[in-house]
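In what follows, a single structure is set out as structure tokens and then discussed.
Rule-based calculations on the coordinates, nothing more; no lab input. Everything quoted here is computed from the prediction, not taken from an experiment. Neighbour counts run over all protein chains shown; Cβ positions are idealised from the backbone, glycine included.
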Amino acid sequence: MINRTCWGLGLSAASASVLDRLHQAELVQLMPPATPVAAFLAEHWDSSAAFVAVGACGAITRLIAPLLKGKHGDPAVVVVDPAGHFAIPLLGGHLAGAELLSQRVAALLGGQAVLTGSSSGTGRLALDSFGINWGWRRGGGPWDALMKAAASGQQPQILQEAGLTLWTSLAAAEAAAEGKPDREAPPSPGPPLVISHRLGNGCRWHPPALWLGIGCERHTSLSLLERAVDHALETDQLAPEAVAGLASVDRKGDEPSLLALAERRRWPLRLFSAAELAPVPVPTPSDAVRREMGTASVAEAAALLAAGPQGSLLAAKRIERSQGSEQGAATLAIARAGSQWSPAQGQLHLIGSGPGRLDLLTPAARHALAESAIWVGYGLYLDLLEPLRRPDQLRCDGQLTQERQRCALALELACQGVTVALVSSGESGIYGMAGLALKLWLELAESGRPGFTVHPGVSALQLAAARAGAPLMHDFCTISLSDRLTPWATIEQRLRAAAAGDFVVALYNPRSLGRNWQLARAMELLCAGRSGRIPVLLARQLGRTEERVSLHVLEELPLEQVDMLSLVLVGNSTTRLVDGRMVTPRGYPGAALN
């Protein structure tokens, strides 16, 4: 679905709302209006990745029946009811990715994916499709035989020599192992499942572990480059599907044949300066190349740099020369990443889990969670989202104060080509993980950065205001009372400024066992020059079953009831308590609370 279109089809007028939401989320392209569905399907069937049809399963079944060719060539088809409650993978559940697409559709619509496949129905890994979530590409092998053996309860022999091994901790992987009739019995006589960068027997998944370094003369022919690549991979029995990308010197960034090769093979091209390449130790440096390019190696050094940490050279440079009417010459070397390494393929989602309740999670956040193979976050926040996690998604719990470690782990996994969700509570961009994660992301070389998206969430401030009434109708600010990262003198300066400016103030991290005096000092500063009768909301465990909300005045706030799970919302001089509601006038000229 990355390189081909996913179409949204409406079978009735009632489908417009659902399709608009999917289109706005950039999940589908809409079929042109007033287009006959049957004709449109026939025209686009072979060139499309998937179709999401809103309507009845029977109707879409009859429409696609004449077009079916076989599961190895048909696109995915997902059917959604007009209300958006259910997403059903009708065709291509594994191979074409319909199950994953239905989960993404359901997450966006706040609905439920209805999965009927034998693997998903029993919570086991779909062996012929699970690698996609881990950034792998599927290779050859007798996949039908493997899946039939798995469906009968036979656990195949699994061999892995490349790629992430975290998948073995998945609940779905454990379920597959438990499905084996006898754990001590020999492996299934069926084909083995092999996770490798090499070609060979068995059913193969290929992690993005290989980087091809290329140097070439100006105006070298594309056919020469393709022959060099194919010959090198075949000679060393390396899988083209395991190629993460191409690498070269930046002076080759406008070389037509190199750009065409990258586009044709859908491989990213990473370029390095001569200054970056020159220090890399290589087995076959060249003085001639050093004089011409400013570095003794292009192919070998570029391959090693692109392969990332702990990369190693699998194949020293080979020279390919022109044949017949071709022009130029090229050198090619192959490096293997120490672990799979494909930043261009990876994605890091920064997600705010909201105050706690799942119905306060935004559709964009649900969508990102649904497509992420790994969730990284503090255990308490992940627990709140646990009902949404599938057996084929892994959670990586971190400690409360180890924010930097969690960011680094999530970023490293994304650099390995995986889609990762980094979870904060509330809103990721408000006292969350977005700032630190972005700082670490920006420290990476531009060509080595995975995708990075911050998804807006609902902050505790917003839910607290909704519980109180309407206290944020005029200017407001947030201040954290934690001095772990900010000197207390700076916090006091901000409190004084907030009081002087008569802001409504939301206090985060108000009080802990080790910081039991700062809140009283904050109340004292916020009282300066203002009435001690200003309304204050004390909210604890917002959006959770233990939620407790109470209204007070500034000089009578029960400090002993406040902890790190609380938020304190202090009004300004115009804020009033009316019939148990906290309200601040909007403040426009002539505005008054009647």
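Couplings for segment 288-295, taken from phi via the Karplus curve 6.51 cos²θ - 1.76 cosθ + 1.60 with θ = phi - 60°, read 5, 5, 4, 5, 7, 10, x, 8 Hz in order; Gly and Pro are left as x.
Partner lysines whose Cα lies under 21 Å from the Cα of residue 252, excluding those fewer than 8 positions away in the same chain, are identified as 317.
For residue 51, nonlocal amide neighbours, meaning residues 5 or more places apart or on other chains whose placed amide H falls under 5 Å from its own, are 7, 76, 77, 78. Full extension of the chain between residue 265 and residue 436 yields a length gain of 58.1 nm, computed as 0.36 nm times the residue separation minus the alpha carbon distance.
Considering the chain, its Cα convex hull presents a mean projected area of 35.4 nm².
Full extension from residue 359 to residue 234: what is 0.36 nm times the residue separation minus their Cα-Cα distance, to one decimal in nm? Let's see the in-between values first.
Numbers: separation 125, 0.36 × 125 = 45.00 nm, distance 5.26 nm.
Difference between extended and current length: 39.7 nm.
Only Cα sites of segment 210-336 enter the Debye sum here, all with the same form factor; the resulting log10 I(q)/I(0) across q = 0.09 1/Å is -0.20, listed in q order. Taking 30 Å as the straight-line reach from the Cα of residue 148, the lysines in range (excluding those fewer than 8 positions away in the same chain) are 69, 71, 180.
DSSP beta bridges fully contained in the chain are about 40 percent antiparallel.
Just to check, using Stokes-Einstein with a Kirkwood Rh over alpha carbon pairs, what's the diffusion coefficient of segment 6-116 at 20 °C and 1.002 mPa s in µm²/s? Rounded, D is 159 µm²/s. Inter-label distance, residue 517 to residue 161: 6.5 nm, where each label sits 7 Å from its Cα along the C-beta direction. When only alpha carbons are used to place a centre, segment 363-426 and segment 210-226 end up 39 Å from one another. Note on residue 380 and residue 326: the model spin-label points, each 7 Å out from Cα along the C-beta direction, lie 6.3 nm apart. Loop only per DSSP, at most 10 neighbouring Cβ atoms within 10 Å: give me the trypsin sites (Lys or Arg not before Pro) in segment 231-299, ordered by residue number. The qualifying sites are 266.
Mind running the shape call on segment 313-391? Use the C-alpha gyration tensor, a ≥ b ≥ c as the square roots of the eigenvalues: rounded below 1.5 for a/c, prolate if a/b tops b/c, oblate otherwise. Prolate.
Among the GluC sites (Glu not before Pro) found in segment 486-556, those both in a DSSP coil and sparsely packed, with 16 or fewer other Cβ atoms within 10 Å of their Cβ, are 546, 547.
With the helix formula -39500 (n - 2.57) applied to DSSP H stretches of n ≥ 4, the chain reaches a computed 222 nm mean residue ellipticity of -8000 deg cm²/dmol. Under a point spin-label approximation (7 Å from Cα along Cα-to-Cβ), what is the residue 71-residue 530 distance to one decimal in nm? Taking the two extended label points, one gets 6.5 nm. Once every Cα of segment 343-458 carries one equal point scatterer and solvent is ignored, give the base-10 log of I(q)/I(0) from the Debye formula at q = 0.11, 0.15, 0.22 Å⁻¹, two decimals. Values returned for q = 0.11, 0.15, 0.22 Å⁻¹ are -0.29, -0.54, -1.22. Net charge in the neighbourhood of residue 234 (other residues with Cβ under 14 Å of its Cβ; Lys, Arg +1, Asp, Glu -1) is -2. Listed by chain and number, the aspartates and glutamates placed with their C-alpha closer than 16 angstrom to that of residue 439 are 403, 412; residues fewer than eight positions away on the same chain are left out. In this calculation the C-beta distance from residue 578 to residue 34 is compared with R0 = 41 Å, giving a FRET efficiency of 0.15. A Förster distance of 60 Å, applied to the separation of the beta-carbon atoms of residue 5 and residue 397, puts the FRET efficiency at 0.95. Computed over segment 461-583, the Cα gyration tensor eigenvalues convert (square root of 5λ each) into semi-axes of 20, 18, 12 Å, ordered from largest to smallest.
Between residue 490 and residue 278, what FRET efficiency follows from the Cβ-Cβ distance if R0 is 56 Å, with the result rounded to 0.05? The formula returns an efficiency of 0.80 here.
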